[in-house]
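Beneath this line is the structure, given in structure tokens, with notes to follow.
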Amino acid sequence: MSKRILLLCLLVPILTACSARTATNAGSDLVIGAYENEEKREVAESRPGSHSSSNNTRKDVTAGIFSAIFGALSRTLNSD
């Protein structure tokens, strides 16, 4: 699984033209996506009767990677 994450982290800048600004945006998207997923998970786990998982951090990082990919694609499609 970690090889896939590394591969995706390397592909995001390549797919987004490797500019410094785009890489910064992708990094920001990754962090923001992971943070928002963590917040949602903590709210869900605070409810009575919820079950926690042992790989929560991995799920947060995966959500961040998808956020970075979709953010790069949406900026590319919405640019003039």
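The values are calculated or read from the model by the stated rules, or taken from the named source; none is laboratory data. These numbers come from a predicted model, not from an experiment. Positions of Cβ are generated from backbone atoms using ideal geometry, with glycine treated the same way; all protein chains shown enter the neighbour counts. Each accessible area value is taken on the protein alone, full model and side chains, heavy atoms only, with ligands, DNA and RNA left out. Shrake-Rupley method; radii C 1.70, N 1.55, O 1.52, S 1.80 Å.
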Selection from segment 51-68 of residues that are of a type in the set (Gly, Ala, Ser) and open to solvent by 50 Å² or more (accessible area, probe 1.4 Å): 52, 54
Any chance you could count how many residues in segment 39-71 are at pLDDT 80 or above, farther than 21 Å from residue 6 by Cβ and not basic (Lys, Arg)? 7
If we scan segment 14-30, do we find a residue that is surrounded by fewer than 14 Cβ atoms within 10 Å (Cβ to Cβ) and at pLDDT 80 or above? yes
